[in-house]
Amino acid sequence: MRAEPARAIDAVIRLVTFDLDNTLWSVDVVIGRAERRMRDWLRPRVPEYRRLAKADHAALRDGVIAANPGIVHDISLLRERVLAETIEHCGYPRSRAAELAAGAFAEFLDWRHRIDFFAGALDVLETLSGSYTLASLTNGNADFVRLGLDRYFSFGYCAADVGASKPHTAMFERALAHAGVPAHEAVHIGDHLVDDVEGASAAGMATVWVNLVGSDATSGATATVTCLEDLPATVADLGAARS
């Protein structure tokens, strides 16, 4: 029989951090829809945009990154900067290109936050937030507050906040320091075996691999779940095993 979720006052696991994209929702669906809406916004304003070849878009993006290597950790700034460079490349003055890029990015970001959560995701967060401090850690630009997830998450960090993307340990270490919790009293939950499992493990945290796609890959995670509903019992088991 699985142990009941630990009470906050005596839990060995005190902090539970979550990845967001592909852990709580499908990011491909969200980004694909957001990019279509962004292109729809641009079509009447920058008709030349859709005529550029994929190679042109790729070259412009590569040029922005080459001029600003650290920008790869701030994907919001990167996307808007690439949009501005691309619109300017289409023949628009720099100031106008910047205005149009800001508008296009705002449209993208609006749709980027229209999320269809995986089944059971919000119920799991509700359950876990009653026993542990929860935090979000993402390489992406989903804002947990804008999504209304501040009902569950006490705080969150993205790669832009710490200047490094997972699997670098900076984000995990920042979360541990923020919560005032040692690594052995924390667990990270995510879908990516490198960014989430290897990164959090390197920071000394326990890990839960969210394997919703049924991958047969070899995992170095402390535990694995194939459905989100198993997370509360799994985290409680990890706490019991460490007590």
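Checked against (1) touching a residue at least 40 places away in the same chain (Cβ under 8 Å); (2) assigned by TED's automatic domain parsing to the domain that holds ILE189; (3) under 19 Å from the mean Cα position of the chain (by Cα), THR127 passes all but a single condition, namely (3). Summed over segment 105-119, residues that are surrounded by 15 or more Cβ atoms within 10 Å (Cβ to Cβ) and closer than 16 Å to CYS227 by Cα total 2. For ASP62, the criteria (1) of a type in the set (Asp, Glu); (2) in contact with a Gly (Cβ under 9 Å, 6 or more places away or on another chain); (3) surrounded by fewer than 13 Cβ atoms within 10 Å (Cβ to Cβ) hold in every case but one, which is (2). Among all residues of segment 106-118, there is at least one that is of a type in the set (Gly, Ala, Ser) and closer than 27 Å to GLU80 by Cβ. The helices (runs of 4 or more DSSP H) falling completely within segment 34-149 that include 2 or more residues that are of a type outside the set (A, V, I, L, M) and under 26 Å from VAL194 (Cβ atoms) map to 54-67, 75-89.
The values are calculated or read from the model by the stated rules, or taken from the named source; none is laboratory data. Since this is a predicted model, take the numbers as computed values, not measurements. Glycine gets a Cβ as well: all are built from the backbone with ideal geometry, and neighbour counts include every protein chain shown.
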